[in-house]
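The values are calculated or read from the model by the stated rules, or taken from the named source; none is laboratory data. As the structure is a computational prediction, the values presented were derived from the model and not from experiment. Neighbour counts run over all protein chains shown; Cβ positions are idealised from the backbone, glycine included. Side chains are part of the model used for accessible areas, which takes the heavy atoms of the whole protein and leaves out ligands, DNA and RNA. Shrake-Rupley method; radii C 1.70, N 1.55, O 1.52, S 1.80 Å.
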Amino acid sequence: MAIDLKRFYQACNPNKTLDQSKPEDRQYYIDFSEVRGAEIIKELKRTITLLSPDTPTCQLFTGHIGCGKSTELLRLKAELEEQEFHVVYFESSESLDLADIDITDILLAIAREVSESLESVNIRLRPGYFQNLFTEVSELLKTPLYIGIETELSVGIGKITAKTKDSPKLRSQLRQYLEPRTNGILESINKELLIPANEKLKRQGKKGLVVIIDNLDRIDNAIKPNGEYQPEYLFVTRGEQLNKLNCHIVYTIPLFLIFSNALGRLTNRFGSDPKVLPMVAIKKRNGEDYKTGINLLERMIMTRAFPDVNWKGITEEEGQVFINKVFENPQTLERLCKVSGGHLRNLLMLLFRCLQIEDVPISRKCVEQVIKNRCNQLSLAIIPDEWELIKEVRETKTYSGNEKYDILLRSMFVFEYRDDVGSWFDINPILIEGDNLTS
């Protein structure tokens, strides 16, 4: 069987998120729960499906950026839809400025996305509160928005956010106006949108409404005017309001909140611990290679090269024949997987770069050059004090949850893994390729 190089190249695009509702994506999906230390999506799903349909749930989900959260959330969406839930999934980065975000921005984004999704199944709701709000906002911004009484809710909110998105001044004016009305907006979303939506969805045979908000883990760690960091302000100080929506909801949150002294307050606000999606383990806590994890990463790459092959049904010798069509030898594939640290996007980025340089079979020389270049890029961003912290994490396999360590997580210099004992940490393996850790 010959490899379709163009198809393989497209399948390895690190910016593409697999959507299990699409057959062309489903064939590439690999279940890594066995080597992550937990079945997080199963836990999120059970929380939603085992409670009474009329009992709303609110869950928090996090992990390193690029570790596969979006793919797993889309899997959750597909599985819930199979169980007859109406699921609204959206990427907050598409409609919100993650460098400057407030509680009303999130609430309006949810109202817009839910309304638009409901309209697609012929459920049209026009909350009276918002009709009045649109008129007042139009007058406040001193600009005609042409929002009539028959305008769909999603269209009205869309016009407002489009008008203010590129103007910090207008956005500030709008927030000052909306902030004292936050509780009114929340009450309207519940009483005039979510509760009626649930009732109408049940008449269509659905079990309920689920909203999944992705990419909120990418919000900047900027300082708000009150002196709080933006993530802590949104999810801790204002978390109680985010927890009051009358439907099943899943928020993604920044990973470093899990290691901050705000974790206790965060848990109290939402009534449950955040679910963390760890890295795919490529070695054990004691430093030994973890073959199961490495093998699954290799399977991920080979599945993208030959999606029509039943990998569970072939022998080791047959598998090596396929590997040799993609890589110079099996050791080259293993090298690529191990140096990724079990970070899925990192692995695809390294592979994608190799494919940009040469055709298959990819040579060991090409892989080593790509690794060297990536190590150099990462190392240039690290200052001497951070190298000392990185060395400490490498030696102790622990992570201290304070501000000086936060940059290690945010910059993906340090990865979190899980085993039967709990969490442990190690540095991004690609950093070992340089000279800084030996000096």
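Sorting 308-320, 55-67, 284-296 by their mean Cβ neighbour count within 10 Å, with the most densely packed peptide first, gives 55-67, 284-296, 308-320. Peptides 16-23, 182-189, 74-81, ordered by how many other C-beta atoms sit within 10 Å of their residues on average, highest first, read 74-81, 182-189, 16-23.
Taking the radius of gyration and the Kirkwood hydrodynamic radius from Cα positions alone, what is the Rg/Rh ratio for region 308-439, to two decimal places? Present the calculation step by step, with values, prior to reporting the outcome.
Numbers: Rg = 17.1 Å, Rh = 16.5 Å.
For region 308-439, the value is 1.04.
The Cα trace of region 169-221 gives Rg and Dmax of 15.7, 45 Å, the first to one decimal, the second as a whole number. The equivalent ellipsoid of the chain has semi-axes of 41, 26, 21 Å, largest first, where each one is the square root of 5 times an eigenvalue of the Cα gyration tensor. Shape of region 262-310 from its Cα gyration tensor (a ≥ b ≥ c, root eigenvalues): rounded if a/c is under 1.5, otherwise prolate when a/b > b/c, or oblate? Oblate, because a/c is 1.5 or more while a/b does not exceed b/c.
At the listed q of 0.21, 0.28 Å⁻¹, the Debye profile of region 302-344, built from one uniform point per Cα, gives log10 I(q)/I(0) equal to -0.74, -1.07.
Nearest 5 percent is fine: what portion of the DSSP beta bridges confined to the chain is antiparallel? Intermediate results must be reported in sequence, preceding the final value.
Values: 7 of 26 bridges.
Restricted to the chain, the bridges split so that about 25 percent are antiparallel.
With N counted as the residues of region 287-362, its alpha-carbon radius of gyration over 2.2 N^0.38 Å works out to 1.05.
Cross-link reach is defined here as a Cα-Cα straight distance under 19 Å, omitting same-chain residues fewer than 8 places apart; for K291 the lysines meeting it are K283, K312, K338. Summary value for the chain: 22 percent relative contact order, contacts being C-alpha pairs under 8 angstrom separated by 6+ residues.
In square angstrom, what is the accessible area per residue of the chain with a 1.4 angstrom probe? It would help to have the intermediate numbers written out before the result.
Numbers: 19800 Å² over 439 residues.
On a per-residue basis, 45 Å².
Each peptide among 190-197, 408-415 gets the average number of other Cβ atoms lying within 10 Å of its residues, and from highest to lowest they stand as 408-415, 190-197.
Here the sum of -39500 (n - 2.57) over DSSP H runs of 4 or more residues, divided by the residues of the chain, equals -14000 deg cm²/dmol at 222 nm, to the nearest 500. Annotation: amide H of N243 has no partner in the under-5 Å range at sequence separation 5 or more or interchain, hydrogens built in the peptide plane. The orientation-averaged projected area of the convex hull spanned by the Cα atoms of region 1-97 comes to 8.7 nm².
Rounded to a whole number, what % of the accessible area of the chain do carbon and sulfur atoms account for, probe 1.4 Å?
On the chain, the fraction of accessible area on carbon and sulfur atoms equals 47 percent.
Sparsely packed loop sites in region 139-236 (the chymotrypsin sites (Phe, Trp or Tyr not before Pro) outside DSSP H, G, I, E and B with at most 16 other Cβ atoms within 10 Å) comprise Y146.
Distance from the Cα centroid of region 179-208 to that of region 320-351 is 47 Å (rounded to whole angstrom).
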